[in-house]
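The values are calculated or read from the model by the stated rules, or taken from the named source; none is laboratory data. Bear in mind the structure is a predicted one, so any value in this text is a computation, not a measurement. A quick note on method: Cβ atoms are made from the backbone with ideal geometry, for glycine too, and the neighbour counts reach across all protein chains shown.
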Amino acid sequence: MLSNLNGKKIKYPKLEREKNITVKDIAKHERPREKIINYGVQYLNNAELIAVILGSGTKGSNVIETANNLINSSGSLSKLLKSTIQELTKHKGIGKAKACQLLALFEITRRFNSELVGIELERLKEKEINTPDILVELIRSKIIFDNREHFYLISFDARNRFIAADEISQGSMTASIVHPRETFEIAIKRQAVQVVISHNHPSGDVKPSDQDISITKRLAEAGNILGIKLIDHIILSKTAHFSFKENELI
């Protein structure tokens, strides 16, 4: 409140602060939580599911719009699930608290998926496998939500019966990480007669690098000395795979 030249006080209207638009600002029948209660969670689209976790939107944008923007700017829901806290907090309306909520959800998703794959791998034990396709799909499902490389050793007996799939390492596939000693130590413990190695390329390009070829040759030579045959090396991406055996590189 200020005074004019005549000494009279002048009242100025209060400026309303723009507030974050919450779920309550959406028509009741369109609110994600009400949809879950009335119809079931399976009826929500991806943005509505994310909106339930976020709780509120940003200034000028409701929570569903905020969730949609988050998914669209990430490229897809699967890419969003690979986001780091640094990447999430770059989005408008996503602070550290909301980012942590999302990361917790993403990790639950990964662990649940990994557990399901583990159950399926257990069911394959002692079953004869003459094609790698089923193992390719299971391992792909296990690592699809991760940006890191994962290296697996898949053990078989002399009759091609599946024994186990063990994760050897995470991170870039280098000679220091993928060492014949650690790899075949597990194969010996599993009493494997033959093995397949597999790792993913998060970039999506399944063409083997010079490093991939060098490590494969090194592991094959070590296997020959130990009497454990390396029968294939499979490189995976989200939608494709490359077999060293099929391409006559092993």
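Values for this structure:
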| read-out | value |
| --- | --- |
| Residues of the range 101-135 satisfying the condition of being in a helix (DSSP H, G or I) and more than 15 Å from the chain's Cα centre (by Cα) | Gln101, Gly118, Ile119, Glu120, Leu121, Glu122, Arg123, Leu124, Asp133, Ile134, Leu135 |
| Only one of Leu236, Leu226 that is out of contact with any Leu (no Cβ under 9 Å at 6 or more places or on another chain), within 23 Å of Arg159 (Cβ to Cβ), touching a residue at least 24 places away in the same chain (Cβ under 8 Å) and not aromatic (Phe, Trp, Tyr) | Leu226 |
| Cross-chain or 6+ apart pairs with Cβ under 8 Å, the range 118-139 first and in contact (Cβ under 8 Å) with a residue 12 or more places away in the chain and within 18 Å of Ile168 (Cα to Cα), then in a loop (DSSP other than H, G, I, E, B) and not basic (Lys, Arg) | Leu135/Ile129 |
| Members of the range 89-104 that are closer than 21 Å to Ile143 by Cβ and surrounded by 15 or more Cβ atoms within 10 Å (Cβ to Cβ) | Leu102, Leu103 |
| Qualifying residue in the range 132-154 (condition: of a type in the set (Phe, Trp, Tyr), modelled with pLDDT of 80 or more, out of contact with any Phe, Trp or Tyr (no Cβ under 7 Å at 6 or more places or on another chain) and under 30 Å from Arg31 (Cβ atoms)) | no |
| Strands (runs of 3 or more DSSP E) wholly inside the range 136-245 that include at least 3 residues being polar (S, T, N, Q) and either touching a strand residue (DSSP E or B) at 6+ places or on another chain (Cβ under 8 Å) or not assigned by TED's automatic domain parsing to the domain that holds Leu77 (or both) | 194-200 |
| The range 195-246 - residue that is buried (at least 20 other Cβ atoms within 10 Å of the Cβ) and of a type in the set (S, T, N, Q) and, of those, farthest from Asn147 (Cα to Cα) | Thr216 |
| Output for the range 147-159, where each listed residue is within 21 Å of Ile235 (Cβ to Cβ) and surrounded by fewer than 15 Cβ atoms within 10 Å (Cβ to Cβ) | Asn147, Arg148 |
| Residue in the range 63-71 that is loosely packed, with under 14 Cβ neighbours inside 10 Å, under 23 Å from Phe112 (Cα atoms) and within 16 Å of the chain's Cα centre (by Cα) present | no |
| Selected residue (criterion: farthest from Phe242 (Cα to Cα)) from residues of the range 177-192 that are surrounded by fewer than 18 Cβ atoms within 10 Å (Cβ to Cβ) and among the hydrophobic types (A, V, I, L, M, F, W, C) | Ile188 |
| Top-ranked residue of the range 170-210 - restricted to ones that are modelled with pLDDT of 90 or more and among the small types (Gly, Ala, Ser), ranked as nearest to the chain's Cα centre (by Cα) | Ser198 |
| Options Phe151, Phe242, Phe184; residue that is farther than 30 Å from Ser83 by Cβ and in contact (Cβ under 8 Å) with a residue 12 or more places away in the chain | Phe184 |
